[in-house]
Amino acid sequence: MTFPTDIAGLYGIALPTPFEIGPVNCYVAEGEPLTLIDCGTNTEETYRTLVRGLAERGHRVSDIRRLIITHHHTDHLGLARRIVDESGAEVWAHPLAVRWLETPQEARNRLTAFTNALFHESGVPQAQIDLMNQTGQYLDSLSSGSVPVAVRLDEGDTLDIAGYRWMAYHTPGHAGDMLCFYQPESNVLLASDHLLQDVSSNPLIEAPDTPDGERPKRLLDYLREMQRIAALGARIAYTGHGRPIDDICKLVESRLTFHQKRADKLYASFDGQPRLLYELTKSMFPTVPDVQLYLTLSEVLGHLDLLERDGRVTRELRAGLLYWQPIH
Ligand SMILES: [Zn+2]
């Protein structure tokens, strides 16, 4: 359940989640202030596992002084409120995560309003949209509620973790508020879900960062930020799920190839005709169950953004429907 890292005073605890991805890794940084990085979903099983993992090294939840949230997904922040209530810990997170921590219902409503409009114009049937909204509510039910953010962490900030000086990197992609932390002397990276050894982390559809902003193109962000992080040359990355990564450049290389191939396959699936996002998603992932539709729509939309960037498709709104058109 707990596992060591190459940094003395920094260890991981794998916490169970109800999600297909399996356990989420949170990290305990000893020394002043006792810090927890990410905290799992708000279930009794997760909480008990966290308590046991802390106790292995003589800590209690009430000893935690700082809780760093790497991004706003439920498996990383679900227990935040419960931990803060018990310990009075300060919460540190990226500015874009603040709405998910302080006013989660408002953040959810904002996302839902945006995705409902996007999915309508993408030809997604109403029953499927309703199902995705229910899934959103289920995710929110795995969070313990709102907490104030004490410190907003952003690109270029430095902070002490486990007695070492770390640099914060803002790496939008899998999530727009994703933070990675790099320790130059030991050449160690805390990558959260930005890079995962065993699965390609999916850049999810998000609402614009500002009310009148454009839809963020998270796959394009992701491809750029993966290369930027690979260029640090870290020798090991501890991640949000699964094993650490010991060959980051090779992994990033394979992820870039994967996305290019998927984009090529998507381009071929147009068969020369204008298509809706929903139609393309169904043809790319014919057997994926409907509960995962948000994930597959996100992935296909990401690859459409990539094809558009490369001048291979255009889009056109016709009678309220958004058609993607291949360029020959
Ligand atoms: Zn995540």
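The values are calculated or read from the model by the stated rules, or taken from the named source; none is laboratory data. This one's a predicted model, so the numbers in the text were calculated from it and none came from an experiment. So basically every Cβ, Gly included, is an ideal-geometry build from the backbone, and we count neighbours across all protein chains shown. Ligands, DNA and RNA are excluded from the accessible area calculation, which covers all protein heavy atoms including side chains. Shrake-Rupley method; radii C 1.70, N 1.55, O 1.52, S 1.80 Å.
Being under 23 Å from T135 (Cβ atoms), touching a Gly at 6+ places or on another chain (Cβ under 7 Å), open to solvent by less than 20 Å² (accessible area, probe 1.4 Å) and in a helix (DSSP H, G or I) is the requirement here; does T46 meet it? The answer is yes for T46.
Determine whether I37 is open to solvent by less than 10 Å² (accessible area, probe 1.4 Å), within 22 Å of P172 (Cβ to Cβ) and within 16 Å of the ligand (Cβ to nearest atom).
For I37, the condition - open to solvent by less than 10 Å² (accessible area, probe 1.4 Å), within 22 Å of P172 (Cβ to Cβ) and within 16 Å of the ligand (Cβ to nearest atom) - is met.
So, in the stretch 1-24, of the ones that are under 17 Å from I245 (Cβ atoms) and of a type in the set (V, I, T), which residue ends up surrounded by the most Cβ atoms within 10 Å (Cβ to Cβ)? Checking each candidate, the answer is V24. Listed by position, the helices (runs of 4 or more DSSP H) contained in the stretch 60-176 that have at least 1 residues being aromatic (F, W, Y) and open to solvent by less than 10 Å² (accessible area, probe 1.4 Å) are 104-121.
Results for (1) farther than 20 Å from G145 by Cα; (2) touching a helix residue (DSSP H, G or I) at 6+ places or on another chain (Cβ under 7 Å), shown as yes or no for each residue.
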position	(1), (2)
I13	yes, yes
E20	yes, no
H59	yes, no
I64	no, yes
I69	no, yes
D85	no, no
V98	no, no
E102	no, no
A117	yes, no
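For the stretch 282-316, a residue qualifies if it is under 19 Å from V199 (Cβ atoms) and either in contact with a Cys (Cβ under 8 Å, 6 or more places away or on another chain) or without any contact (Cβ under 8 Å) to a residue 40 or more places away in the chain (or both), and the qualifying residues are M284, F285, T287, V288, P289, Q292, T296, V300. Within the stretch 236-244, can one find any residue that is more than 23 Å from L77 (Cβ to Cβ), more than 12 Å from the chain's Cα centre (by Cα), in contact (Cβ under 8 Å) with a residue 60 or more places away in the chain and more than 16 Å from the ligand (Cβ to nearest atom)? Yes. Of the residues making up the stretch 211-260, those that are among the charged types (D, E, K, R) and in a loop (DSSP other than H, G, I, E, B) are D212, E214, R215, K217, R235, R243, D246, D247.
Being within 18 Å of the chain's Cα centre (by Cα), hydrophobic (A, V, I, L, M, F, W, C), closer than 23 Å to A14 by Cα and more than 16 Å from the ligand (Cβ to nearest atom) is the requirement here; does L189 meet it? Spelling it out, L189 is indeed within 18 Å of the chain's Cα centre (by Cα), hydrophobic (A, V, I, L, M, F, W, C), closer than 23 Å to A14 by Cα and more than 16 Å from the ligand (Cβ to nearest atom).
Listed by first and then second residue, the pairs linking a residue in the stretch 19-48 that is without any contact (Cβ under 8 Å) to a residue 40 or more places away in the chain to a residue that is hydroxyl-bearing (S, T, Y) and in a loop (DSSP other than H, G, I, E, B), with Cβ atoms under 9 Å apart and 6 or more places separating them unless they lie on different chains, are G40/T17; T46/T17.
For the subset of the stretch 199-236 comprising residues that are of a type in the set (K, R) and within 20 Å of L297 (Cβ to Cβ), which member is least open to solvent (accessible area, probe 1.4 Å)? Even if it seems obvious, please write down each step before you answer.
Residues of the stretch 199-236 that are of a type in the set (K, R), as a first pass: 215, 217-218, 224, 228, 235.
Filter again for within 20 Å of L297 (Cβ to Cβ), leaving 215, 217-218.
Working: R215: 46, K217: 57, R218: 16 Å².
Here the residue is R218.
Every listed requirement among (1) surrounded by 20 or more Cβ atoms within 10 Å (Cβ to Cβ); (2) outside any helix (DSSP H, G or I); (3) more than 16 Å from the ligand (Cβ to nearest atom) is met by Y27 save one, (3).
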